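Asks: Okay, handing you the structure first.
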Amino acid sequence: MVLFAASILIAKLHIDTKIGKAQTSPSIVLESAFGKENLIPIVIIGSGPAGLTGAIYGRRGGVRTIVIEGDEPGGLLTKTTDVENWPGERTILGPNLIKKMHQQAKELGVEFVADLVERIDISSWPYRVITQEGVTYHAMAILVATGATPKKLGVPGEEKYWGRGVSSCAVCDAAFFKDKHVVVVGGGDSAVEQAFQLLPYVKSVKLLVRKDSMRAAQTLQDRLKEQPKITVSYASQPREIVGDGKAVTGIKVYDAKAAKETLLAIDGVFLAIGHDPNTALVKGIVPLDASGYIVMEGRTQHTKIEGIFAAGEVEDYRYKQAIVSAGRGAQAALDALAFLGDIGYTPGLELTKAAKKKSHKGGAQEGIKSAFIELPEIICAKELDNLISNSKIPILLDFYTKPCSLCKQLLPAVVELQQEMQDKLCVYKVDAELADDVACRFNVRKVPTFILIDTKGNVSRSHAITSKKGLADFIAA
Ligand code: NDP
C-alpha cells in the first residue's frame with residue numbers, strides 16, 4: 001500500500017513538473033504528402049527493443065517502416081550480458097536478443113538505415129527527418145525510441161580519465177583490466193551486472209554504494225555474496241578520480257559513516273549510476289518533464305504533437321526494463337498505425353494517389369519514381385481479407401521470395417503495369433515465405449506466381465509469366 005502510494009506520488013511529480021517548451025502540431029492533410037520525396041509512413045529513430053518492436057508492429061500493420069539506427073545500433077541491451085527476465089528465454093545474451101529482434105524485423109521487410117538523425121523539422125507535415133549524411137525523409141509518423149545514455153558522476157578527474165580507466169561499459173572494456181583492481185560505482189542492477197562482467201578478468205571489484213543499502217534485485221545481491229573477489233562498500237561516495245596523467249591510479253571516496261575521505265588505489269572506475277534520456281533531438285518540439293523524459297499523452301504513446309510518438313527509456317522514467325520498452329514500442333506503433341488510418345492513409349492507397357496527383361500535373365512517371373516506387377506488400381491473410389472486402393477494383397498478387405531472381409527481374413514491369421492501370425487494378429507484393437498463410441490459401445508453391453482476384457472474388461493464376469506483355473495478357477484474359 002505504501003509502495004502503491006509512493007508510485008502514485010512519483011507519477012504525479014513527473015506530471016506536475018512538465019517543463020520545456022513544445023511546438024504545436026501543423027495542419028495534417030493527407031494530400032500534402034503525395035509526391036514528397038522519401039515519403040515514409042513510419043520513421044523510427046533508434047534501434048533498441050522499443051524501436052525494433054515498433055518496427056515489427058509497423059511492418060505487420062502493412063506500412064513501409066524504416067529504422068534509423070543511430071550511433072549505437074541495438075542500444076543498451078547490446079552492452080549487457082545475460083538477460084534472464086525476457087519471457088520465453090530462460091537466459092539469453094543481450095546482444096543475441098537484439099540480433100533476433102533485428103532479424104525478425106528485417107525478414108518482415110523493415111528497412112534499416114545506418115545513419116544518425118541530426119534534426120527534425122515539424123514546421124509542416126509530413127515531418128522532415130534530416131540525417132547526418134544529408135538525407136531528408138518525409139515522415140508521416142515518427143516514433144522516437146532514442147533510449148538513454150549512462151550518467152556521469154561529475155567529479156574531478158572523470159573527464160580527464162574517460163577512456164583511460166573510467167568507463168560505463170564493463171562488457172566492452174573488461175578485457176583491458178586483466179588482473180587489475182577496479183571499482184564499480186552504483187547500487188542498482190547495472191552495478192551488480194557490471195561487477196559480474198568484470199569478474200573473469202580482474203583481481204578484485206569493489207562496489208561503491210552511496211547509501212547503506214543497494215537497490216539491486218535481491219537475487220543479484222545474493223549472488224554477490226558467493227563471489228569472494230567482489231566486496232561492497234556502503235555509504236561510499238566518490239569525490240575525485242585520480243591518475244598519473246596517463247591512466248587512473250585511484251579514487252577518493254567519502255565514507256559518510258566514518259565522515260572521512262580515503263584514497264583507494266585502483267586501476268579502473270566503472271560507472272553504473274543510472275541513465276539520462278536521449279531527448280536532445282526533440283527538445284523544444286515535444287514536452288519534456290523535469291528530468292528530460294518525453295511526456296506521454298495519457299495512457300498512450302502519443303506525444304503532444306500529432307504524428308510523433310515515443311517509446312522506451314526516452315519516456316519511461318520508472319520501469320526501465322527491456323521488456324517494458326518492447327511493449328511500449330508495440331503500443332507506439334499501434335498508435336502510429338491508428339493515426340495513419342485516422343488521416344485516411346491505407347497501405348494500398350499510396351501508389352495510386354501518388355500517381356494520380358502527379359499525372360494531374362502531367363508527370364505520372366516521375367510520381368512513381370519518387371516516393372512510391374515500392375509496391376505495397378501484404379503480410380498476412382487477414383490483411384488481404386480486409387483489402388478484398390474494401391476494394392472496388394481487381395487485386396493482383398505478385399508472389400515472390402527474396403532469393404528469386406526472376407521475381408526481381410519482373411518487378412519493374414509489374415510497377416510499370418500498375419502505373420498504367422492505376423484506376424483499374426491494385427497490385428500487391430507477397431513474400432511467399434513470410435506470408436505463408438496467404439501462399440497456403442492460394443496453394444502457391446513456386447515463384448513468381450501471379451494471382452488475380454476480381455471484384456466478384458473469382459481467382460485466376462499464372463506462374464508462367466516472364467514479361468510485361470505476358471502479365472498484361474494474363475490480366476486482359
Ligand atoms: P538505477 O537507477 O536502478 O540505480 C542507479 C544506482 O546508482 C543507485 O544505486 C543510485 O543510488 C546510484 N547513483 C545514482 N547517482 C549516483 C551518484 N551521483 N553517485 C553515486 N551513486 C549514484 O540504475 P541502473 O542502471 O542500475 O538500472 C536502471 C534500470 O534498469 C532498473 O530498473 C534496473 O532494474 C534495470 N536493469 C535491469 C537489468 C536486467 O534486468 N538484467 C540489468 C540492468 C538494469 P541510490 O540508490 O542512492 O539512488
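The values are calculated or read from the model by the stated rules, or taken from the named source; none is laboratory data. Nothing here was measured: the structure is a model prediction, and the numbers come from that model. Cβ coordinates were reconstructed from backbone atoms using ideal geometry, including for glycine residues, and neighbour counts include every protein chain displayed. The accessibility values were calculated without ligands, DNA or RNA, using every heavy atom of the protein model including side chains. Shrake-Rupley method; radii C 1.70, N 1.55, O 1.52, S 1.80 Å.
Asks: Find the percent of Cα-Cα distances in the chain that exceed 40 Å, and round it to a whole number.
Replies: 34
Asks: Report, in debye and to the nearest 20, how large the dipole of the stretch 208-357 comes out about its Cα centre when Lys and Arg carry +1 and Asp and Glu carry -1 on their Cβ.
Replies: About 100 debye.
Asks: Now, a different point. Can you give the translational diffusion coefficient of the stretch 151-210 in µm²/s, computed by Stokes-Einstein from the Kirkwood radius over Cα pairs at 10 °C and 1.306 mPa s?
Replies: Approximately 135 µm²/s, per Stokes-Einstein.
Asks: Residues of the stretch 139-217: accessible area per residue at 1.4 Å, in Å²?
Replies: 43
Asks: Quick one: pull the percent of accessible area on the stretch 169-260 belonging to carbon and sulfur, 1.4 Å probe, ligands and nucleic acids left out.
Replies: Summing carbon and sulfur atoms, their accessible area is 49 percent of the total for the stretch 169-260.
Asks: How much of the pair distance distribution for the stretch 116-234 lies past 24 Å, counting alpha-carbon pairs only, in percent?
Replies: 46
Asks: Could you report the stretch 396-477's accessible area per residue, 1.4 Å probe, as an integer in Å²?
Replies: 52
Asks: So what are the three principal axis dimensions of the stretch 197-269 from its Cα atoms, in whole Å, longest to shortest?
Replies: Largest first, the stretch 197-269 extends 39, 32, 16 Å along its Cα principal axes.
Asks: What accessible area per residue comes out for the stretch 29-138, rounded to a whole number of Å², with a 1.4 Å probe?
Replies: Here the per-residue accessible area is 43 Å².
Asks: Going by the alpha-carbon gyration tensor, a ≥ b ≥ c the square roots of its eigenvalues, is the stretch 227-276 rounded (a/c under 1.5) or, if a/c is not under 1.5, prolate (a/b greater than b/c) versus oblate?
Replies: rounded
Asks: Follow-up question, since we're still on this one. On a 0 to 90 degree scale, rounded to 10, what angle separates helix 49-60 from the longest Cα axis of the chain?
Replies: For 49-60 against the chain, the angle is about 10 degrees.
Asks: Measure off, as a whole percent, the carbon and sulfur share of the 1.4 Å-probe accessible area of the stretch 18-73, all protein chains present.
Replies: 46
Asks: A further question on this structure: About the Cα centre, and with charges only on the beta carbon of Lys, Arg (+1) and Asp, Glu (-1), how big is the dipole of the stretch 64-221? Nearest 20 debye, please.
Replies: 540
Asks: If you wrap a convex hull around the Cα atoms of the stretch 211-253, how much volume per residue is inside, in Å³?
Replies: It is 94 Å³ per residue.
Asks: Write out the GluC sites (Glu not before Pro) in the stretch 46-134 meeting two conditions: DSSP loop, and at most 16 other Cβ atoms within 10 Å of their Cβ.
Replies: Answer by residue number: GLU84, GLU133.
Asks: Something else now. Taking the alpha-carbon centroid of each part, what is the distance from the stretch 376-436 to the stretch 52-116 in angstrom?
Replies: Taking the Cα centre of each part, the stretch 376-436 and the stretch 52-116 sit 27 Å apart.
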